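Read the structure below first, then the notes.
The values are calculated or read from the model by the stated rules, or taken from the named source; none is laboratory data. These numbers were taken from a predicted model, which means no experiment stands behind them. Cβ sites come from the backbone with ideal geometry, for glycine too, and all protein chains shown count toward neighbours. Protein only, heavy atoms only, side chains kept; ligands, DNA and RNA dropped before computing areas. Shrake-Rupley method; radii C 1.70, N 1.55, O 1.52, S 1.80 Å.
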Amino acid sequence: MEQFVMTFPAACRLAEAHPPRLCGVVSSGNLEVLVESGDPGDACRIEVSTPATGFRDIWAAVLRDFVERQPVGGLRITINDAGATPAVVSLRLDQAMDTFRSEKS
Amino acid sequence: MSVKKTSFFEASARTRIARLVDPGSFSEFCPPQLRHTSPHLARLHAPVAFDDGVAVGCARLAGHPVLIAAQEGRFNGGAVGEVHGAKLAGLLDKAVSERPAAVLLLVDSGGVRLHEANAGLIAISELMRAVLRTQAAGIPVFALIGGSCGAFGGMGIVARLCAEVVMSEQGRMGLSGPEVIETVMGVEEFDSRDRALVWRVTGGKVRRALGEATRLVEDDVAAFRAVTADLLAEYGARPLKPSSLDTLFDAHARLTARTRRFSAARDGREIFAASGFSDIDGVPLMAVDAFNRHLMETA
């Protein structure tokens, strides 16, 4: 099991408050993504927990791409992975952000 | 205009809840952001889930207040660990004090989570006691079974303790699962890869024919919702009576009659034959409405 936190600076902050959202299921080749509002407001903090060790560089690339697509600060994203491929991780992150933004608290 | 069907079998636990209850009425207890994850899985370096594979909360269904739980079959086969079981047992305890119209258990589980050994076994036994205690307090518990893991092991027992068992043909119910029987008794006894055999022994239709499932519905969340709404109305009009010596005698009489009717049957096909179906090979493909109508007419 490998656990790490990556923090990316983000120019824009969340415009309004949203309730936490969970996307995906922890099953083989899949992952769950929990998106919450969090501090600091000018960064996106992503915490990953994965049973596949030794892929930290690939995670960093996938997460950097995601933050470039969706440069939003004030986010806390937590991932429970069960061996998802990079493409699945990207899609799931986008889906989680879409559902997170769609609901206002 | 055709209404889009949501397959109960394919849907996730959270989607099942969202489509089953009145729109927007679900409010979750112990939500994922509280991170009540399994300490046992973490110690084994196995992936954990923020909800430990079960979502619990309160909602309304056709206006009736209900407490509801849905197991996520895709996380460790919906297996019951310590946290998972505590969430379910806690929900049932809450029912005794809050007195909802019913507790709905959307079962999708192979039973005890073997990683958690004794803690999982204890969780299941607490869950059984909780179902009985809730129903003794006059609150009916309904098991809704239509997921890929069915209801096996301890969750098979929990389901059978419930006042009502609503199943789709896709859902399965039993004690030992097909793979377990094959491992212990050999492939000559039970070939778990023979899907037709698995379904005609554990599937919704044979369970309904035996009377173990009380309702059979299509694999559609809307169908589960419609039948659950009917049941809520029925129990609203005629509340669950506490068990007594008479209800025990009634149950024994029913079991005796069932044993007499099906004692010669060794397979689902023979159960269907004893239930008066003429085209035995056609039963698995029979429409749910026609199947239910036949059972009603021959009852």
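Would you calculate, for chain B, the mean residue ellipticity at 222 nm contributed by helices, counting each DSSP H stretch of 4 or more residues as -39,500 (n - 2.57) and dividing by all residues, to the nearest 500?
Numbers: 12 runs with 134 residues, N = 299.
Calculated from helices alone, the mean residue ellipticity at 222 nm is -13500 deg cm²/dmol.
Defining a contact as two alpha carbons under 8 Å apart and six or more residues distant in sequence, what relative contact order in percent does the range B:155-299 show?
It comes to 23 percent, rounded to a whole number.
Counting only protein chains, not ligands or nucleic acids, how are A:Met1, A:Met97 ordered by accessible area (probe 1.4 Å), most first? Please list the in-between numbers first.
Working: A:Met1 75, A:Met97 0 Å².
Descending accessible area places them as A:Met1, A:Met97.
Using the Cα centre of the range A:2-102 as the reference point, and only Cβ charges (+1 on K/R, -1 on D/E), how large is the resulting charge dipole? Debye, rounded to the nearest 20. Walk me through the numbers before you get to the answer.
Numbers: 9 positive and 13 negative charges, 16 e Å.
I would put it at about 80 debye.
What is the gain in length, in nm to one decimal, between B:Ala117 and B:Asp246 on full extension, counting 0.36 nm per residue of separation less the C-alpha to C-alpha distance?
Details: separation 129, 0.36 × 129 = 46.44 nm, distance 3.81 nm.
Net length gain for the segment: 42.6 nm.
What residues from the range A:80-100 fall in the zone where the backbone N is under 15 Å from a label point 7 Å along the Cα-to-C-beta line of A:Arg64?
none
So if we plug the beta-carbon distance of A:Lys104 and B:Lys4 into 1/(1 + (r/R0)^6) with R0 = 25 Å, what FRET efficiency do we get, rounded to 0.05?
Values: r = 26 Å, r/R0 = 1.03.
After rounding, the FRET efficiency stands at 0.45.
Using the Cα centre as the reference, give the magnitude of the dipole from point charges on the C-beta atoms of the protein assembly as shown (Lys, Arg: +1; Asp, Glu: -1; all else neutral), rounded to the nearest 20 debye. Write down the numbers at each step before the final one.
Values: 44 positive and 48 negative charges, 161 e Å.
My answer is approximately 780 debye.
Using Cα-Cα distances under 8 Å and only pairs 6 or more residues apart, what relative contact order does the range A:14-71 have, in percent? Walk me through the numbers before you get to the answer.
Details: 28 pairs, mean separation 13.2, N = 58.
The normalised contact order for the range A:14-71 reaches 23 percent.
Ignoring everything but the protein chains, give the 1.4 Å probe accessible area of B:Phe9 in square angstrom, nearest 10.
Using a 1.4 Å probe on the heavy atoms, I get roughly 60 Å².
Extension gain B:Ser278-B:Glu188, at 0.36 nm per residue separation less the Cα-Cα distance, in nm?
Numbers: separation 90, 0.36 × 90 = 32.40 nm, distance 2.82 nm.
Stretched fully, the B:Ser278-B:Glu188 segment lengthens by 29.6 nm.
Could you work out how far helix A:86-102 tilts from the main Cα principal axis of chain A, as a 0 to 90 degree angle to the nearest 10?
With rounding to tens, the tilt is 20 degrees.
Have a look at B:Val283, B:Phe262, B:Pro239 and report the one farthest towards the positive end of the charge dipole of the range B:224-299, computed about the Cα centre with Cβ charges (Lys/Arg +1, Asp/Glu -1).
B:Pro239
Cα to Cα, under 15 Å, and not fewer than 8 places away if on the same chain: which aspartates and glutamates meet these conditions relative to B:Lys4?
Here the aspartates and glutamates satisfying the reach criterion relative to B:Lys4 are B:Glu218, B:Asp219, B:Asp220.
Can you compute the charge dipole magnitude of the range B:109-207 about its Cα centre, using +1 on each Lys and Arg Cβ and -1 on each Asp and Glu Cβ, nothing else charged? Give it in debye, rounded to the nearest 20.
Values: 10 positive and 10 negative charges, 76 e Å.
Charge dipole of the range B:109-207: 360 debye, to the nearest 20.
Relative contact order of chain B: what whole-number percent is it, with Cα pairs under 8 angstrom and at least 6 residues apart? Let's see the in-between values first.
Numbers: 535 pairs, mean separation 44.1, N = 299.
In percent, rounded to a whole number, it is 15.
May I ask you to give the percent of accessible area on the range B:83-225 that is carbon plus sulfur, with a probe radius of 1.4 Å?
Details: 2900 of 5320 Å².
Here carbon and sulfur together make up 55 percent of the probe-accessible area.
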